[in-house]
Amino acid sequence: MHAKEYERLSRSIEEITGIAKSMGLDYFPMRYEVCPAEVLYSIGAYGMPARFAHWSFGKAYHRMKLEYDYGLSKIYELVINSNPCYAFLLDHNSLIQNKIIVAHVLGHSDFFKNNAMFSATDRSMLDRMSTFADRFHLFEHEFGEKVVEETLDAALAIQEHIDPHHRFGRMQGFAEADGLMKDVVSFIATNSRKLADWQREVLWMIREEMLYFWPQMETKIMNEGWASYWHTTLMHELDLDESDTIEFAKMNAAVLQPARGGINPYYVGIKMFEELERRHGRDAIFEIREMENDVSFLRNHLDQGMVEAMDLFLFQREGEYYKVSSKQAAQVRDLLIAQRTNGGFPYIGALDGDYRGRGELLLRHRFEGMELDRKYVQMTLPHLYKLWGKPVHLQTQVNGRILTYEFDGKEMKVA
Amino acid sequence: MDSKENDLMFTLTHDDWSLHRKGELDQERHKRKVKEAIQKQMSDLIQDDSILTAQNGQVVKVPIKSLDEPRFRYNHNNPNQPHIGQGSGDTQVGDVIGKAPPDQQGQGQGQANKAGNAAGEDVFEAEMSLEELSNIVFDGWELPRLKPRTRRVLTTDDIRFNDIRRKGMMSNVDKRRTLIEAIKRQAMDQYLHHEQAQGTFKLGPISSDDLRFKTWDVIQKPFASATVLAMMDTSGSMGTFEKRIARTFFYWMVRFLRTKYSHVTIRFLAHHTEAKEVTEEQFFFKGESGGTRVSSVYQLANDIVQRDYSNEDDNIYAFHFSDGDNYDSDNTMTVKYASDLLDRINMLGYGEIHQHSRTSGLWDAMSSIRHEGYYYSLLRDPADVYRTLKEFFMPKDKDKASSA
């Protein structure tokens, strides 16, 4: 980037930020960083600028780079929930593209700072993750890359099964009414008799990282919707010439394009915020962005009018085709909520660490209408066995019947 | 660079990122995992039709199951499970969104799968050229018991005029073809100008467009340093299953020899009651029928070796695949000829394919042969092809396995 372009970008940021502030956005101090595409893709693959090494990140990086090289997809923005808030701009982007991104990430920054789900996140996670990465590196050095990789493979296989809600400082959270302890990671880190201390530390670190990422997973629609709402609003306040207006429209169309076989969270989010602003005014949506997450957002606000306006529907397999099966708001909403519940992951908890009186581990999937993928259950249980060291069991439901998978270190049994 | 903080609270910086190679480093870890995963599922992989029919230079897709990050997830392919979609307005109940994948496992990506993650299937596909894949398959393979040789020149360059081009040196002009071009062109001209009615045809001057030149390729004429006899039972009792197994073995054997050795000649022998030498294409694609007399192919192999390879430092290998369905009376002869052959060559590998029945008379006879250059393998299902390939071409592993 030339000094002149750089200067122009700096002036644009100043202008956009001034407007954002005057319209009531309450963001963290911003750190914009101009970088080449590869850097953006590697940060995208890792989710953070400094994170431990693992092949799965290499896989993600490879895919993102390939898609970029073939022009299949493009990351537009990358923003970190931290104080100050880091946002990355591509050095190849045009000025107008970078302006849109600046406007967009100001929305994210405001959301990170004010949404209640994020209130407990560590805003200096950037440094902590970098410290974690050093620890992992040290472990690799001390115990060998292979063992560390195996431990990480196993830890990452269950990383989503934590308890994101702080419950009076208890590490494992409280057992729920049915005796389920949601935080499987901490349950194993605490109770496994097989793990070495450094392996427990790996689990705790993975859990900390997941606690940090969790609010982003449960506010995907809202967060992207809010940021898109603000980049659209702020860009309309700018004086754009004709070619800028066209480029803005093109990029906006690409980002907000409805997805046919799924939903585009940017699109659903912005449409809902726009409609809510129309009905209740801007103050109301500021309050919504503060109080809600995707599940409550959808439950409280997605109605028949919005479902029709966005042309949302349910579709289902019928013979060799997928066909539209319903356009009822209630049905669309219920399925959308089910898909967004628990960050989109099955709700699985630890039930017993001394199952059958033999120190075996019993997990239960709390069935909420969607069945587990059997193949993946069979792939995942062996990793749990590695962490627990004794047979592991998972209760779930298939075709209305309770089913228990058991892996004893050698073979998988289903009963 | 610039980092002035202001009352709007922002800074803009442009650092040097050239040392940021984290993604690349972990990509290497991933590649290593891919290679390990491929090696683990090799016995399935080497029977994959898309790989068996691939051409050199073509990119093959290798589905790798174990590299999916394991996790508990919902079954999105449950046919009773509805998905959420989004249209561009006025979508009606009953509208077709896309074609569903043929089966529940859905390896074909239906249109609905592409758009979102709702009905997506996350099987990782490593893309690599056939050569790259072959190198992973052949990792550690060799022709066992190869005699070291020093005396012979292994290849020699030869020139062969075998192509005609429009440009070239005047000394290489192909007069006959140039003349034909000139006649064709002028005949066409006259036809176009309706001059052929006069009934005379005069050849005018030859233009530069008519010129045709001979050109040549430098070819490497191999002095074979090793010869491999591929011998296969093509009698009527070899069913689809048996043929497929035998051909898969020979396909990889041929690929392996051509990839790793530039001086190997492969000769193809097919037999039913009689044996004959055939071309590679006939060997792989022609079916035969009739009874079986296995001794015939060993007899032919002995004849070929005696006739064409009299030198004692010739390296000769033979591999024979059969379903073992042989006349009992012929088994003794087969063993005799096979033993004779073994005394003349480096190694004989015998593979017998049985899907159901336990063993054959031929198997009993053949497995009684004792010779250090003799390897035999019983193949019961397709996964045994890879095991057999490894036993034949990685005999060191075999020794370890049998002593363990």
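The values are calculated or read from the model by the stated rules, or taken from the named source; none is laboratory data. Because the structure is a prediction, the values reported are computed rather than measured. FYI the Cβ positions are ideal-geometry reconstructions off the backbone, even for glycines, and counts take in every protein chain you see. Surface areas here come from the heavy atoms of the whole protein model, side chains and all, with no ligands, DNA or RNA. Shrake-Rupley method; radii C 1.70, N 1.55, O 1.52, S 1.80 Å.
Determine the pairs where a residue that is without any contact (Cβ under 8 Å) to a residue 60 or more places away in the chain, located within the stretch A:14-31, has a partner that is basic (Lys, Arg) and open to solvent by less than 30 Å² (accessible area, probe 1.4 Å) with Cβ atoms under 9 Å apart, the partner being 6 or more residues away or on another chain. Once the first residue is without any contact (Cβ under 8 Å) to a residue 60 or more places away in the chain and sits in the stretch A:14-31, no partner that is basic (Lys, Arg) and open to solvent by less than 30 Å² (accessible area, probe 1.4 Å) comes close enough.
For the stretch B:306-314, the count of residues that are over 24 Å from the mean Cα position of the chain (by Cα) and crowded, with 20+ Cβ neighbours inside 10 Å is zero. Tell me yes or no: at least one residue of the stretch A:322-330 is surrounded by 19 or more Cβ atoms within 10 Å (Cβ to Cβ) and closer than 14 Å to B:Phe72 by Cβ. No: zero hits. In the stretch B:350-379, the residue that is farthest from B:Phe392 (Cα to Cα) out of those that are open to solvent by less than 30 Å² (accessible area, probe 1.4 Å) and hydroxyl-bearing (Ser, Thr, Tyr) is B:Ser360. Out of everything in the stretch A:33-69 that is within 12 Å of B:Leu25 (Cβ to Cβ) and of a type in the set (Ser, Thr, Tyr), what residue ends up being farthest from the other protein chains (Cβ to nearest Cβ)? Checking each candidate, the answer is A:Tyr46.
Go through the stretch A:272-286 and give me each residue that's out of contact with any His (no Cβ under 9 Å at 6 or more places or on another chain) and surrounded by fewer than 20 Cβ atoms within 10 Å (Cβ to Cβ). Working first, answer last.
Our first condition is that a residue be out of contact with any His (no Cβ under 9 Å at 6 or more places or on another chain); within the stretch A:272-286, this holds for A:273-274, A:277-286.
Of everything in the stretch A:272-286, those that are out of contact with any His (no Cβ under 9 Å at 6 or more places or on another chain) and surrounded by fewer than 20 Cβ atoms within 10 Å (Cβ to Cβ) turn out to be A:Glu274, A:Glu277, A:Arg278, A:Arg279, A:His280, A:Gly281, A:Arg282, A:Asp283, A:Ala284, A:Phe286.
One line per residue, one yes/no per condition, for (1) assigned to a loop (DSSP other than H, G, I, E, B); (2) at pLDDT below 75; (3) loosely packed, with under 11 Cβ neighbours inside 10 Å:
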residue: B:Glu132; (1), (2), (3): no, no, no
residue: B:Asp158; (1), (2), (3): no, yes, no
residue: B:Phe161; (1), (2), (3): no, yes, no
residue: B:Ile164; (1), (2), (3): no, no, no
residue: B:Gly168; (1), (2), (3): yes, no, no
residue: B:Arg177; (1), (2), (3): no, no, no
residue: B:Ala187; (1), (2), (3): no, no, no
residue: B:Tyr191; (1), (2), (3): no, yes, yes
residue: B:Pro205; (1), (2), (3): yes, no, yes
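Within the bounds of the stretch A:388-409, is there any residue that is assigned to a helix (DSSP H, G or I), at pLDDT 95 or above and over 30 Å from A:Ile263 (Cβ atoms)? Within the stretch A:388-409, one or more residues are assigned to a helix (DSSP H, G or I), at pLDDT 95 or above and over 30 Å from A:Ile263 (Cβ atoms).
Just to be sure I understand, how many residues within the stretch A:263-282 are within 14 Å of chain B (Cβ to nearest Cβ), assigned to a helix (DSSP H, G or I) and free of Cβ contacts under 8 Å to residues at least 40 places away in the same chain? Don't jump to the end; show me each part of the working.
As a first pass, look at the stretch A:263-282 and keep what is within 14 Å of chain B (Cβ to nearest Cβ): A:263-272.
Within this subset, residues satisfying the condition of being assigned to a helix (DSSP H, G or I) are A:265-272.
If we keep only those that are free of Cβ contacts under 8 Å to residues at least 40 places away in the same chain as well, we get none.
The qualifying residues number 0.
Selection of first residues in the stretch A:132-161 that are surrounded by 14 or more Cβ atoms within 10 Å (Cβ to Cβ) and of second residues that are assigned to a helix (DSSP H, G or I) and of a type in the set (Gly, Ala, Ser), restricted to Cβ pairs under 8 Å at least 6 apart or on distinct chains, gives the following pairs, ordered by first then second residue: A:Leu156/A:Ser56; A:Glu160/A:Gly343. The set of residues in the stretch A:376-402 that are farther than 17 Å from A:Thr151 by Cα, within 12 Å of chain B (Cβ to nearest Cβ) and open to solvent by 70 Å² or more (accessible area, probe 1.4 Å) comprises A:Gln378, A:Asn399.
When B:Arg29 is tested against (1) assigned to a loop (DSSP other than H, G, I, E, B); (2) facing chain A (nearest Cβ under 10 Å), only condition (1) is not met.
Checked against (1) within 25 Å of A:Lys375 (Cβ to Cβ); (2) at the interface with chain A (Cβ under 7 Å from one of its Cβ atoms); (3) at pLDDT 80 or above, B:Ala100 passes all but condition (3). Annotation: A:Val202 fulfils all but one of (1) surrounded by fewer than 22 Cβ atoms within 10 Å (Cβ to Cβ); (2) in contact with a helix residue (DSSP H, G or I) (Cβ under 6 Å, 6 or more places away or on another chain); (3) among the aliphatic types (A, V, I, L, M); (4) in the same structural domain as A:Glu149 (by TED's automatic domain parsing); the unmet one is (1).
Answer yes or no: is there a residue in the stretch A:353-373 that is aliphatic (A, V, I, L, M), more than 8 Å from chain B (Cβ to nearest Cβ) and within 23 Å of the chain's Cα centre (by Cα).
Applying the first criterion (aliphatic (A, V, I, L, M)) to the stretch A:353-373 yields A:361-363, A:370, A:372.
With more than 8 Å from chain B (Cβ to nearest Cβ) added as a condition, the list becomes A:361-363.
With the extra rule that they be within 23 Å of the chain's Cα centre (by Cα), the set shrinks to none.
The answer is no; no qualifying residue exists.
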